[in-house]
Amino acid sequence: MREESTVQDPVIRMIGTRNVITRTNLPVGDYAANPYVGCTHGCIYCYARFMKRFTDHHEPWGAFLDVKQWEPVRSPGRYEGKGIFLGSVTDPYLPEERRFRRTRALLEELKGSGIRLSIQTKSDLVLRDLDLIQSYPDARVGFSINTLDEDFRQDMDNAATIERRLKAMETLHDAGIRTTCFISPIFPGITDAESIMERVRNHCNLIWLENLNLRDGSCRAAVMEYIRGKHPDLIPLYEDIYLHGSRAYWEEEDRKMREYAAGRGLDYVRNDDTSRRPFEAPPLIVNYFFHEEVRKTGRKGSNA
Ligand code: SF4
């Protein structure tokens, strides 16, 4: 069974950069950091493919990786109380992180700064850094999970199996780290968000929901080819949504998830990441459908 990256010998380069930390307008932090450019998880729906334009690579997305070497972070204490999102564009825990340890290096640099750490990943390699993560105040780790069906997962990405992600989430939560289940991207007619929520609700503090968007042409072509090949019965639905712009499916999903939340006594909000709750509180469900419109940016965002 394919469990993790099967990218054979991705083209790897070292690149220098002045600052690994940049400002962000994402709703999850004041700053973002991405220790790598490119992503060997190679998800077919990846919204970050546009990053290839800013590299010298000719290989397909998923088959190259630039490893950032940065200047030491100046005065880490100035970030005290601010939020940083690690992996805002691509996954900080790629298989290559085992060798290059750039994400761990950044965590070591920022340790003790008082910055609020948020990590997003599809890998259980994050468990390696549990000791460091625990040293951050109120740290949280999110796992992207858009299916419980391992066959579909294997069609989508080269990352860790769903079971490994779920186990890692549980381990971190048991260790007192806040965890997020990022149900994204929700594939119409395929992703069963309620089953995922049911599976994770005792092991996470937040559940984020995000719809599949296919604004990017290459992403749209790859996804539609997949749907035509594996789920031809869904073609009318996908055309309705992605050709004709219908939002009826998402409105119905919103209604069903709201109903699910009410049935479980869970709070359900839209586009709001401001809630701070006790660790023991049941998870808050945040619907981020079309969040980029709410933020009024054209930014494609991350689904790492
Ligand atoms: S969707 Fe995320 S994890 Fe997948 S290839 Fe893109 S950046 Fe990597």
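Taking the stated definitions as given, is Thr191 at pLDDT 95 or above and either hydrophobic (A, V, I, L, M, F, W, C) or in a helix (DSSP H, G or I) (or both)? So Thr191 fails the test. So, Phe64, is that one within 16 Å of the ligand (Cβ to nearest atom), among the aromatic types (Phe, Trp, Tyr), touching a His at 6+ places or on another chain (Cβ under 9 Å) and more than 15 Å from Ala105 (Cα to Cα) or not? Considered against the rule, which asks whether it is within 16 Å of the ligand (Cβ to nearest atom), among the aromatic types (Phe, Trp, Tyr), touching a His at 6+ places or on another chain (Cβ under 9 Å) and more than 15 Å from Ala105 (Cα to Cα), Phe64 comes out as yes.
In this structure, is Arg13 more than 21 Å from the chain's Cα centre (by Cα), under 30 Å from Gly217 (Cβ atoms) and surrounded by fewer than 20 Cβ atoms within 10 Å (Cβ to Cβ)? The answer is yes for Arg13. Among the residues of region 22-32, those that are more than 14 Å from the ligand (Cβ to nearest atom) and either modelled with pLDDT of 95 or more or more than 15 Å from the chain's Cα centre (by Cα) (or both) comprise Thr22, Arg23, Thr24, Asn25, Asp30, Tyr31. Residues in region 16-29 that are in a loop (DSSP other than H, G, I, E, B), polar (S, T, N, Q) and surrounded by fewer than 19 Cβ atoms within 10 Å (Cβ to Cβ): Asn19, Asn25. When you scan region 83-126, how many residues do you find that are out of contact with any strand residue (DSSP E or B) (no Cβ under 7 Å at 6 or more places or on another chain), small (Gly, Ala, Ser) and within 16 Å of the ligand (Cβ to nearest atom)? Looking only at that region, the number is 1. Being touching a residue at least 24 places away in the same chain (Cβ under 8 Å), among the aliphatic types (A, V, I, L, M) and touching a helix residue (DSSP H, G or I) at 6+ places or on another chain (Cβ under 7 Å) is a property that does not hold for Ala261. In region 271-294, the residue that is surrounded by the fewest Cβ atoms within 10 Å (Cβ to Cβ) out of those that are over 20 Å from Leu172 (Cβ atoms) and under 18 Å from the mean Cα position of the chain (by Cα) is Asp272. With respect to Gly142, is the statement that it is at positive phi, surrounded by 22 or more Cβ atoms within 10 Å (Cβ to Cβ) and within 16 Å of the ligand (Cβ to nearest atom) true? Criteria not met by Gly142.
The values are calculated or read from the model by the stated rules, or taken from the named source; none is laboratory data. As the structure is a computational prediction, the values presented were derived from the model and not from experiment. When we count neighbours, we look across all protein chains shown, and the Cβ atoms used for this are built from the backbone with ideal geometry, even at glycine.
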